[in-house]
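Asks: One structure, pasted below without further comment.
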Amino acid sequence: MNSDHEGCHPYRTISPLTTAGVFPLVNGRVVFQAGPDQTGEQIGLVRIGGHIEPGESPWDCACREAMEEASVCVTPLDAPVTYCLDTDTPEVAPWSDMTPQPLHCSATSQIFLGTSADAPKPSSETRGLILLSPSDLRSLTETEHTLASLAERGSEILLRDPSEQDHLYT
């Protein structure tokens, strides 16, 4: 995607950013990837996003990754507040003149909020998508969950290969 895309706005690039992501909101739920953890042995929640390509702004990267990973075109939502990790890089602040406002920033990454009317579909880049309601997200901070327990709560789980359901839910 480029900055001419309907859902994407020009955004100035700040070095040394290397990654960007987005939390897409679809029908009141936040879309996450179902991806492997660092050991590759368990499936976890992974934000939509990836590496910024040369000449690409962080927001453009987030738009492209949302389309590549979840088949959704996102429109930006300004975050009500930006959570920044402490950094010695003066280029990271201030955020007041940036559009859209990121939700999270660090010296190397920005994460945005977005909305989409598109129905998410797992792409070839991901094993599946998990759509979580605000109460599901809150529950994740209080209780350990499996994909099966999230599905029991009403979370929507979209697997690229539905035959993996029994294996991934255990």
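The values are calculated or read from the model by the stated rules, or taken from the named source; none is laboratory data. What you see is a predicted model, and the numbers here were worked out from it, not measured in a lab. Here the Cβ is made from the backbone with ideal geometry for all residues, glycine too, and neighbour counts use every protein chain on show. For the accessible areas, the whole protein counts, side chains as well, though only heavy atoms, and no ligand, DNA or RNA atoms are used. Shrake-Rupley method; radii C 1.70, N 1.55, O 1.52, S 1.80 Å.
Asks: Please go through region 131-161 and pick out each residue that is over 16 Å from the mean Cα position of the chain (by Cα), surrounded by 14 or more Cβ atoms within 10 Å (Cβ to Cβ), of a type in the set (Gly, Ala, Ser) and outside any helix (DSSP H, G or I).
Replies: 155 - this is the single residue of region 131-161 that is over 16 Å from the mean Cα position of the chain (by Cα), surrounded by 14 or more Cβ atoms within 10 Å (Cβ to Cβ), of a type in the set (Gly, Ala, Ser) and outside any helix (DSSP H, G or I).
Asks: State yes or no: is residue 82 open to solvent by 20 Å² or more (accessible area, probe 1.4 Å), at pLDDT 95 or above and touching a strand residue (DSSP E or B) at 6+ places or on another chain (Cβ under 8 Å)?
Replies: No: the conditions fail for residue 82.
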